[in-house]
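Quick notes on the structure that follows.
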Amino acid sequence: MALTITDTRRRPLVRYVFVYGTLRRAELRDINCLLPAPLFIGNCQIQGALYDLGSYPGVRLGGEQWVQGEMYQITPELERQLDEIEEVWPQQTGEYVKREVAVQCAGQELMCLVYVVSAKRLPGCAVIESGDWVSHRLG
């Protein structure tokens with residue numbers, strides 16, 4: 001039997017993503033409709049400012065506000081699909097960049113991917129004071 005060794009320095013075996021907008025459950029681009037299906041970890045929040053970009057939001061990390069969202073465990077295949085949706089790969093538009101941040105969720109701190117909007121995209125965009133895209137959209 002052959003032993004396969006994976007170089008984990010390149011990419012962790014388990015990845016998590018924090019979604020805060022149209023990828024949230026029951027929203028327009030619900031992550032749960034993608035394959036392979038993600039594993040829901042829980043509702044959580046990150047520090048940052050949420051902006052209304054029209055038909056979808058964008059987040060900037062840091063500051064005093066909190067952004068509401070959901071955490072999922074994802075496969076590398078699903079991560080590639082998310083990169084395409086957020087246009088960070090293969091055609092980089094510069095609207096979003098992918099960052100990895102520590103997020104508290106379900107009683108644990110996990111390193112989580114977050115798609116962060118470029119500051120160049122924000123002039124004229126309003127901050128969503130509630131930090132919650134779903135309640136803002138339904139508002």
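Applying a threshold of 6 Å to beta carbon distances and a minimum spacing of six or more residues, or different chains, the list of pairs starting in region 55-67 at a residue that is among the polar types (S, T, N, Q) and ending at one that is at pLDDT 95 or above and open to solvent by less than 70 Å² (accessible area, probe 1.4 Å) reads Gln65/Ala49; Gln65/Gly131. The test for being more than 20 Å from Gly131 (Cβ to Cβ) and either modelled with pLDDT of 95 or more or open to solvent by 80 Å² or more (accessible area, probe 1.4 Å) (or both) holds for Leu3.
Looking at region 58-109, which of its residues are among the acidic types (Asp, Glu) and within 22 Å of Arg25 (Cα to Cα)? Reasoning before the result, please.
Taking region 58-109 as the starting set, the residues that turn out to be among the acidic types (Asp, Glu) are 64, 70, 77, 79, 83-84, 86-87, 95, 100, 109.
Glu70, Glu77, Glu79, Asp83, Glu84, Glu86, Glu87, Glu100, Glu109, listed by residue number.
Suppose we keep only residues that are closer than 14 Å to Tyr56 by Cβ and not charged (D, E, K, R) within region 130-139. Which one would you say is most open to solvent (accessible area, probe 1.4 Å)? Ranking the candidates gives His136 first.
Which of the residues that make up region 107-129 are assigned to a loop (DSSP other than H, G, I, E, B) and open to solvent by 70 Å² or more (accessible area, probe 1.4 Å)? Show your work before the answer.
Looking only at region 107-129, we keep the residues that are assigned to a loop (DSSP other than H, G, I, E, B), and these are 107, 118, 122-125, 128-129.
Gly107, Pro123, Gly124, Glu129 - these are the residues of region 107-129 that are assigned to a loop (DSSP other than H, G, I, E, B) and open to solvent by 70 Å² or more (accessible area, probe 1.4 Å).
Restricting region 68-106 to residues that are free of Cβ contacts under 8 Å to residues at least 40 places away in the same chain and under 14 Å from Gln47 (Cα atoms) leaves a set whose member that is least open to solvent (accessible area, probe 1.4 Å) is Ala102.
Could you say whether any residue in region 17-28 is within 18 Å of Cys112 (Cα to Cα) and at pLDDT below 95?
Scanning region 17-28, I find no residue that is within 18 Å of Cys112 (Cα to Cα) and at pLDDT below 95, so the answer is no.
The values are calculated or read from the model by the stated rules, or taken from the named source; none is laboratory data. In this text, all values refer to a predicted model and were calculated from it rather than measured experimentally. Note that we place each Cβ from the backbone using ideal geometry, even for glycine, and neighbour counts take in every protein chain shown. Ligands, DNA and RNA are excluded from the accessible area calculation, which covers all protein heavy atoms including side chains. Shrake-Rupley method; radii C 1.70, N 1.55, O 1.52, S 1.80 Å.
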